[in-house]
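The values are calculated or read from the model by the stated rules, or taken from the named source; none is laboratory data. Since this is a predicted model, take the numbers as computed values, not measurements. Here the Cβ positions follow ideal geometry from the backbone for every residue, glycine too, while neighbour counts run over all protein chains shown. All accessible areas refer to the heavy atoms of the entire protein, side chains included, with ligands and DNA or RNA removed. Shrake-Rupley method; radii C 1.70, N 1.55, O 1.52, S 1.80 Å.
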2 protein chains.
Amino acid sequence: MLQRRLFHSSKATLYKTLTPLTHVKHAGLKRNSNFAKITDKDIDYFKSVLSPNNIIYEPDPESLEIKQHNVDWFNLYRGSSSLCLFPTTTEQVSKVLRYCNQHSLAVVPQGGNTGVSGGAVPIFDEIILNSSKMNKIRHFDEISGVAVVDCGVILENLSQFLEPKGYTVPLDLGAKGSCQIGGNVSTNAGGLRLIKYGNLHGAEGTLGYVTGVSLLTPRLPKAVNVAMIALNSFETVQKAFVMAKEDLSEILSAFEFWDHESVDVVKSQMMDQSNYPIEGKHAFYALIETQGSNREHDQEKLDSYITRLFQADVAKDGVLAQDSKQAETFWSWREEIPGSIAKSGTAMTYDFGLDAPLLYKMVEDTKDHFDKKGLLGKDKLYSNLIGFGHLGDGNLHLMANLNEFDNGGQSLMDDFVFDWAIKHNGSISAEHGIGISKVHYMKKAKTDAQLRIMKTLKDALDPKGIMNPYKIIPEQS
Amino acid sequence: MLQRRLFHSSKATLYKTLTPLTHVKHAGLKRNSNFAKITDKDIDYFKSVLSPNNIIYEPDPESLEIKQHNVDWFNLYRGSSSLCLFPTTTEQVSKVLRYCNQHSLAVVPQGGNTGVSGGAVPIFDEIILNSSKMNKIRHFDEISGVAVVDCGVILENLSQFLEPKGYTVPLDLGAKGSCQIGGNVSTNAGGLRLIKYGNLHGAEGTLGYVTGVSLLTPRLPKAVNVAMIALNSFETVQKAFVMAKEDLSEILSAFEFWDHESVDVVKSQMMDQSNYPIEGKHAFYALIETQGSNREHDQEKLDSYITRLFQADVAKDGVLAQDSKQAETFWSWREEIPGSIAKSGTAMTYDFGLDAPLLYKMVEDTKDHFDKKGLLGKDKLYSNLIGFGHLGDGNLHLMANLNEFDNGGQSLMDDFVFDWAIKHNGSISAEHGIGISKVHYMKKAKTDAQLRIMKTLKDALDPKGIMNPYKIIPEQS
């Protein structure tokens with residue numbers, strides 16, 4: 001079992017100040033001895049392909065320059081690679097991969113290194129193939145809105161390029177200032193507005209290297225409105241969602257929910273308590289955002305939606321943001337949740353795809369289970385067990401503080417929640433990817449036939465298994 | 001070169017009355033001798049898996065019962081299979097395919113058999129695995145709108161199931177009364193509202209058999225509005241489209257265009273000329289549809305869009321449908337185009353994906369090219385060369401009548417337009433699939449590396465090549 005401490009960040013920069021774990025044991029994993037070790041001859045070859053300032057070669061993986069590429073954003077996974085390459089063109093990527101394949105050198109593709117599943121860092125001495133210097137916007141068609149871009153374009157840079165042209169990126173993530181579009185594709189990024197724009201699909205670097213991406217970008221919305229409502233059961237949260245689809249339909253761009261325990265955690269860490277937009281204590285809260293082309297129309301729709309919620313006794317309280325600053329404040333109460341629980345202690349994070357009615361049942365069943373065992377509560381093994389997520393796409397984030405940081409506590413929770421998800425036809429990952437962190441659960445989550453097909457495709461496209469080894473596909477036992 | 005006569009149908013039932021070609025030569029294709037021929041032992045096995053009324057076994061492929069499965073919807077491609085199987089469960093599909101793989105029996109997956117590229121009929125004696133009897137709606141979640149259905153569910157039946165629940169299928173095709181969702185997925189169906197809902201992706205039955213489909217269905221729109229406008233250049237058509245995205249944004253559900261030659265063809269075949277909604281002769285027409293949740297808002301948006309079009313001198317004339325009957329009439333002028341040209345003579349159809357500004361340039365260049373050669377016009381080799389399509393997704397349908405039905409005329413046009421598309425970074429198929437009809441052009445359209453990857457995936461998943469052989473991937477030359 002891997003030792004790990006994971007949390008999902010919607011404001012990833014926040015955690016740079018946290019104390020890093022000094023090391024992470026990759027318990028049970030052994031370096032694949034089929035892979036060659038880097039020689040001076042290899043370095044000479046890479047120098048013939050890339051210019052010297054696009055190569056970091058540091059035989060000591062602890063040296064500062066290489067270390068940042070060996071360690072993931074959260075200091076949870078740490079490899080010991082001595083080589084990081086920064087290709088600038090597809091041709092260079094192709095030459096590097098051809099050489100690595102011929103010489104059995106393992107490779108880990110890396111973008112902005114903001115992933116939460118340890119997929120973008122080496123496990124042992126894999127060569128890091130970093131896309132940061134492939135950052136050109138190749139082509140934009142103002143008629144269709146199609147943008148063709150290099151893999152290493154940072155999400156926010158693409159956004160800044162598109163906005164003056166009246167277009168926007170159909171993807172919004174907390175890590176947008178650092179994450180790269182090639183990594184977004186590779187890790188199946190979803191984000192806050194999946195409900196309106198859909199998500200991306202990739203193979204986490206195990207089948208190849210994404211060198212460029214073609215995106216159909218939507219128009220920049222002329223109006224954005226945000227409301228926050230209070231509800232007293234998860235059943236009414238679901239009702240409010242169905243009514244939002246009825247009344248807001250094409251302008252509904254986000255429907256986020258969280259429980260009151262989430263608010264308590266944020267209040268304990270982040271904000272002046274008096275600022276929370278809704279008074280009193282309610283079991284659930286939801287944030288509803290609209291994006292549309294006519295402010296007046298959108299406000300009228302949102303007003304009549306909110307009115308109907310109260311008339312039907314679905315919502316108990318609610319507030320409408322009066323300006324973009326207020327809207328930002330409402331959002332921050334949702335976005336600060338993962339960061340706040342991480343600040344409260346060692347935090348475990350989960351990311352499930354489930355049928356909407358089951359989303360909070362999972363949280364309740366998990367609470368019940370560990371409560372009955374006497375393991376949940378202040379000064380117990382687990383505390384602050386909270387649930388929040390994207391109702392629109394059936395995506396639950398379950399998080400808890402682990403008060404004794406040892407393998408037992410993590411794996412006890414893992415076993416319960418992963419089993420629960422699998423038993424209820426859910427997915428063990430919705431938008432965080434499998435990476436290294438969930439690879440050991442794939443045997444439970446997938447049938448033998450599914451794993452066999454994954455392995456068959458992997459073997460066909462990457463017969464020597466050099467692309468992001470140890471990730472996603474479990475080793476044969 | 002294959003002899004073929006293709007047309008795209010948005011009202012597929014129309015063509016059932018056309019005289020069928022008596023045979024189609026599969027020139028240059030030979031039956032793969034690695035495939036076994038069906039024996040009585042095989043039939044005994046299939047009888048042990050499927051009930052007798054789910055097997056058609058007719059050693060004479062011309063016998064009526066089996067013939068309808070050997071011939072495609074347009075009577076263009078004709079196989080000579082003696083066996084058509086109708087599994088009712090995924091398990092049966094699995095047993096049949098396992099047996100066929102073990103015994104090297106080639107298989108062609110078939111749904112509603114409404115494809116336009118000959119992908120769903122046997123080329124020689126492949127066993128037809130028809131999905132018509134796998135037609136259950138397995139599960140529908142009214143909260144999320146997720147529908148899980150068998151592959152053989154007919155698109156219109158799914159629509160009728162969803163509508164009373166306030167949901168709709170995010171795909172609309174002319175063949176919806178016959179086509180099946182498994183086939184839609186397999187052939188990358190796009191349709192009339194791709195711009196709003198996106199399209200599907202599949203492998204045309206060459207990598208496996210789609211047994212079920214999970215669909216996120218959107219709310220049934222409360223209001224649908226349709227306008228038709230006249231424009232005098234393709235540049236202004238594009239301007240009108242950009243303005244539609246600005247003004248109609250989230251409610252824009254279709255933006256179709258066609259040239260005046262298309263109208264002439266429809267008028268000559270289908271309708272009372274006095275009925276065309278816009279008087280006078282204009283170079284281009286566009287149909288704009290909105291789907292939304294508030295009729296008043298949508299009409300206001302559409303009105304101000306149309307006003308702006310006239311103010312900016314983009315549109316020359318225009319009409320708004322006053323009711324759903326008028327809206328249907330407007331649509332019919334667009335939908336009758338392919339059928340009308342098919343009625344005018346032997347019709348060739350093409351389906352290209354191109355950058356928006358190039359869509360009509362292709363039509364103009366093709367016209368110029370064959371005009372200069374003296375081959376275009378009444379009583380010439382080609383007549384009625386028209387262009388129409390889905391501007392929103394960069395999808396051009398180019399069609400023409402071929403007045404001497406021989407191989408030379410077809411391939412002369414093929415070579416010019418496919419080369420043109422490839423030279424301009426376009427795709428030789430947007431939504432019609434490759435099937436058998438374009439397999440010979442894949443070597444031009446794809447690089448060796450792309451074809452090698454396709455072949456590698458095919459070999460990995462289907463090592464004996466039994467799944468829909470002869471289609472999509474060209475034989476090694």
Shortest first and in nm, the label-point separations between A:GLU163 and its counterparts in the other identical copies (7 Å out along Cα→Cβ) come to 4.4
Here segment B:331-348 yields Karplus 3J(HN,Hα) values (6.51, -1.76, 1.60; θ = phi - 60°; whole Hz; Gly and Pro given as x) of 4, 5, 5, 7, 6, 7, 4, x, x, 5, 5, 5, 6, 6, x, 5, 10, 9
In what sequence, highest mean first, do B:175-181, A:75-81, B:459-465, A:86-92 appear when ranked by Cβ atoms within 10 angstrom? B:175-181, A:75-81, A:86-92, B:459-465
Between A:MET454, A:GLY389, A:LEU97, whose Cα lies farthest towards the positive end of the dipole of chain A when Lys and Arg beta carbons carry +1 and Asp and Glu beta carbons carry -1, centred on the Cα centre? A:LEU97
Please work out the Cα center distance from segment B:122-178 to segment A:424-447, rounded to the nearest Å. 29
In segment A:224-343, taking the dipole from +1 charges on Lys and Arg beta carbons and -1 charges on Asp and Glu beta carbons about the Cα centre, the listed residue (A:VAL314, A:VAL224, A:LEU248) farthest towards the positive end is A:VAL314
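Can you pull the mean other chain C-beta count within 10 Å for peptide A:290-299?
On the way: counts 1, 2, 6, 10, 9, 0, 2, 8, 2, 0.
The per-residue average across the peptide is 4.
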How far is A:ILE55 from the same spot in each other copy, in nm, shortest first, if each label point sits 7 Å from Cα toward Cβ? 6.6
What does the copy distance list look like for B:SER324, label position 7 Å along Cα→Cβ, in nm and ordered from shortest? 4.1
About its Cα centre, what dipole magnitude does segment A:137-216 give when the only charges are +1 on Lys and Arg Cβ and -1 on Asp and Glu Cβ, stated in debye to the nearest 20? 120
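Using a simple charge model, +1 on the beta-carbon of Lys and Arg, -1 on the beta-carbon of Asp and Glu, nothing else, what dipole does segment B:223-338 show about its Cα centre, in debye to the nearest 20?
Details: 10 positive and 21 negative charges, 24 e Å.
Charge dipole of segment B:223-338: 120 debye, to the nearest 20.
Per-residue Cβ counts within 10 Å, from other chains only, averaged over A:239-251: what number is that? Intermediate values should be presented prior to the final figure.
On the way: counts 1, 0, 2, 6, 0, 0, 8, 5, 4, 3, 11, 15, 7.
Average neighbour count from other chains, rounded to a whole number: 5.
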So, counting K/R as plus one and D/E as minus one, what does the shell of residues with Cβ under 13 Å around A:LYS222 add up to? -2
Which percent of the Cα-Cα distances in segment A:341-477 go past 21 Å? 47
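Beta carbons within 10 angstrom, averaged per residue: use that to sort the peptides A:414-421, A:204-211, highest first.
Details: A:414-421: 18.9, A:204-211: 21.5.
Order by mean packing, descending: A:204-211, A:414-421.
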Step through the residues of segment B:389-403 one at a time and calculate ³J(HN,Hα) from phi using the Karplus curve (6.51 cos²θ - 1.76 cosθ + 1.60, θ = phi - 60°), rounding each to whole Hz and writing x for Gly and Pro. x, 9, 5, x, 10, x, 10, 9, 9, 9, 9, 7, 8, 10, 8
Environment charge at A:ASN403 (Cβ cut-off 10 Å; Lys +1, Arg +1, Asp -1, Glu -1): 0
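Determine the dipole magnitude for the protein assembly as shown: charges of +1 sit on the beta-carbon of Lys and Arg, -1 on that of Asp and Glu, nothing else is charged, the reference point is the Cα centre, and the result goes in debye to the nearest 20.
Working: 100 positive and 114 negative charges, 482 e Å.
So the dipole magnitude of the protein assembly as shown works out to roughly 2320 debye.
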With the calculation restricted to Cα positions, what are the radius of gyration and Dmax of chain A in angstrom? 22.9, 75
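For segment B:329-403, how big is the tail of P(r) above 19 Å, as a whole percent of Cα pairs?
Details: 1042 of 2775 pairs.
Summing the P(r) tail past 19 Å for segment B:329-403 gives 38 percent.
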Distance violations [Cα-Cα > 20 Å] among A:LYS267/A:LYS343; A:LYS165/B:LYS239; B:LYS67/B:LYS458; A:LYS245/A:LYS301: B:LYS67/B:LYS458
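When Lys and Arg each count +1 and Asp and Glu each count -1, what net charge do the other residues less than 14 Å away from B:LYS372, Cβ to Cβ, add up to? Present the calculation step by step, with values, prior to reporting the outcome.
Numbers: positive: B:LYS367, B:LYS373, B:LYS380; negative: B:GLU364, B:ASP365, B:ASP368, B:ASP371.
My count for the surroundings of B:LYS372 gives -1.
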Estimated buried accessible area (total), pair B and A, 1.4 Å, Å² to nearest 100: 2800
In whole Å, how far is the Cα centre of segment A:54-82 from that of segment B:39-104? 58
Once phi for every residue in segment B:50-59 is put through the Karplus expression 6.51 cos²θ - 1.76 cosθ + 1.60 (θ = phi - 60°), the whole-Hz ³J(HN,Hα) values, with Gly and Pro written as x, are 10, 6, x, 6, 10, 10, 10, 10, 9, x
Taking H placed 1.01 Å from N in the peptide plane, check which residues at least 5 places from A:ILE127 or on another chain put their amide H under 5 Å from its amide H. A:ALA106, A:VAL107, A:VAL108
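In whole percent, what relative contact order does chain B give with Cα contacts below 8 Å and a gap of six or more residues? The partial results should precede the final answer.
On the way: 933 pairs, mean separation 80.9, N = 477.
Relative contact order here is 17 percent.
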Mind listing the long-range amide H neighbours of A:ARG78? Cut-off is under 5 Å, sequence gap 5 or more, other chains count too, H placed in the peptide plane at 1.01 Å from N. A:VAL24
